[in-house]
Amino acid sequence: MPAVQTVSGAVEPEQLGLTLIHEHFFSGDEAVSVQWPHVRDREREWALARESADAVKAHGVRTIVEPTAMLLGRDIAALHRLAAETGLQIVPCTGIYTYDHLPQFLLNRSADFIAGLFVHDIEQGIQGTEIKAAFIKCAADEPGVDERIEKVHRAAARASLQTGAPIMAHSRPASATGPRQVEIFLEEGVAPEKIQIAHTGDTDDLDYIERLLDAGVYIGLDRYGLDIFLPTDRRNATVIELLRRGHAERMFLSQDFDPPIAAGLDWYPPEVIEQLEATGAATNWSMTFLFEAVIPALEQAGMTGEQLDTMMVQNPRRWLG
Ligand SMILES: [Zn+2]
């Protein structure tokens, strides 16, 4: 298998080890950051990222796949420093994180042009560095797959075909975006094993999930702790049933944790975070909840060590390699 790009250079797929497939260290609004940098608390953001990095390392995690793309505040210098200081392997992405809006610059350019931007990050390097992207991120959410979102998806597909890089697509099961996203990728000729439909674990509708699995793609059961979308016990029951049906080789476990968002530094102000916590929407959300509570519960419910290894070591190796 080909080498996998991390912010510290390429590694062999066998070196990835225990991997969290979907966690964020840094994020922030890009326009606000440039226009009003005084509202960003970079020191606190750094301390929070460092805290999560140290915490996952203590659980034996060797690699974090970090899908912070354009419009979510990708910061390759910060990721590089974090990897250097902690020894964690951090796998960076290219791509665009949008549910609807595109800046005029991209709105008025083609899918092929956007694909060229992604290819640049994969082949030349990100943000003027020689750090190369390992995968391509795109998103569809409540507004659905409109013309703009479709263009970004086609761009992701074309960049994947040119480079071999896999695709991670943020999805919203409540809006049934997954099947349409898969359809676009397959239409463009992307192999199903290059595709990961993130956030599929936000539903326990097994028919919906198996429709995706039948297409041969990977699914992210990757928002553990975000009870606002689906509580942990229902996520666990879904994982156990999917394992029972033999789908381990297409499943990823993760938390989609985002320290600045969790701390009220980015999407929501602190008072909203407090309200959310009071309602139990994300009480257990962290980068280590999986190890502290979820994996023990899944083991108790019958998950084998081999299945866990498949989801957290072998699958990341195959999808990225
Ligand atoms: Zn995410």
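Within segment 305-319, residues that are within 11 Å of residue 248 (Cβ to Cβ) have Cβ atoms under 7 Å from residues that are at pLDDT 95 or above and surrounded by fewer than 16 Cβ atoms within 10 Å (Cβ to Cβ) in these pairs: 310/249; 315/249, counting only partners at least 6 apart in sequence or on another chain.
Of 110, 33, all but one fail to be surrounded by 15 or more Cβ atoms within 10 Å (Cβ to Cβ) and of a type in the set (S, T, N, Q); the exception is 33. Taking every residue in segment 17-33 that is closer than 22 Å to residue 288 by Cα and of a type in the set (Val, Ile, Thr) and pairing it with any residue that is within 15 Å of the ligand (Cβ to nearest atom) and part of a loop (DSSP other than H, G, I, E, B), at least 6 positions away or on another chain, the pairs with Cβ-Cβ distances below 8 Å are 21/222; 21/254.
Looking across segment 185-218, the residues that are out of contact with any Lys or Arg (no Cβ under 6 Å at 6 or more places or on another chain) and of a type in the set (A, V, I, L, M) come down to 186, 190, 191, 195, 197, 198, 206, 209, 212, 215, 217. Selection within segment 300-321: residues that are closer than 17 Å to residue 4 by Cβ and among the aliphatic types (A, V, I, L, M). The member of this set that is surrounded by the fewest Cβ atoms within 10 Å (Cβ to Cβ) is 313.
Could you tell me whether residue 229 is assigned to a loop (DSSP other than H, G, I, E, B), within 18 Å of the chain's Cα centre (by Cα), at pLDDT 95 or above and under 28 Å from residue 45 (Cβ atoms)? Don't jump to the end; show me each part of the working.
On the way: assigned to a loop (DSSP other than H, G, I, E, B): yes; within 18 Å of the chain's Cα centre (by Cα): yes; at pLDDT 95 or above: yes; under 28 Å from residue 45 (Cβ atoms): yes.
Spelling it out, residue 229 is indeed assigned to a loop (DSSP other than H, G, I, E, B), within 18 Å of the chain's Cα centre (by Cα), at pLDDT 95 or above and under 28 Å from residue 45 (Cβ atoms).
Just one of 227, 233 is among the charged types (D, E, K, R), more than 15 Å from the ligand (Cβ to nearest atom), surrounded by 20 or more Cβ atoms within 10 Å (Cβ to Cβ) and over 17 Å from residue 20 (Cα atoms); which is it? On inspection, the qualifying residue turns out to be 227. Consider segment 1-32 and keep the residues that are out of contact with any Gly (no Cβ under 7 Å at 6 or more places or on another chain) and closer than 22 Å to residue 96 by Cβ. The one that is nearest to the ligand (Cβ to nearest atom) is 24. Answer yes if at least one residue in segment 267-287 is part of a loop (DSSP other than H, G, I, E, B), free of Cβ contacts under 8 Å to residues at least 40 places away in the same chain and surrounded by 14 or more Cβ atoms within 10 Å (Cβ to Cβ), and no otherwise. Yes: segment 267-287 contains one or more residues that are part of a loop (DSSP other than H, G, I, E, B), free of Cβ contacts under 8 Å to residues at least 40 places away in the same chain and surrounded by 14 or more Cβ atoms within 10 Å (Cβ to Cβ).
With respect to residue 49, determine if the residue is crowded, with 18+ Cβ neighbours inside 10 Å, among the hydrophobic types (A, V, I, L, M, F, W, C), under 24 Å from residue 5 (Cβ atoms) and in contact with a Pro (Cβ under 9 Å, 6 or more places away or on another chain). So residue 49 passes the test. Output yes when any residue across segment 75-95 is within 15 Å of the ligand (Cβ to nearest atom), on the phi > 0 side of the Ramachandran plot and surrounded by 22 or more Cβ atoms within 10 Å (Cβ to Cβ), and no when none is. Yes; the residues of segment 75-95 include at least one that is within 15 Å of the ligand (Cβ to nearest atom), on the phi > 0 side of the Ramachandran plot and surrounded by 22 or more Cβ atoms within 10 Å (Cβ to Cβ). Among the residues in segment 223-234, are any more than 23 Å from residue 62 (Cα to Cα) and among the β-branched types (Val, Ile, Thr)? Yes: segment 223-234 contains one or more residues that are more than 23 Å from residue 62 (Cα to Cα) and among the β-branched types (Val, Ile, Thr).
The values are calculated or read from the model by the stated rules, or taken from the named source; none is laboratory data. The shown structure was predicted, so the numbers you read here are calculated from the model rather than taken from an experiment. Please note: Cβ atoms are built from the backbone with ideal geometry, for glycine as well, and neighbour counts cover all protein chains shown.
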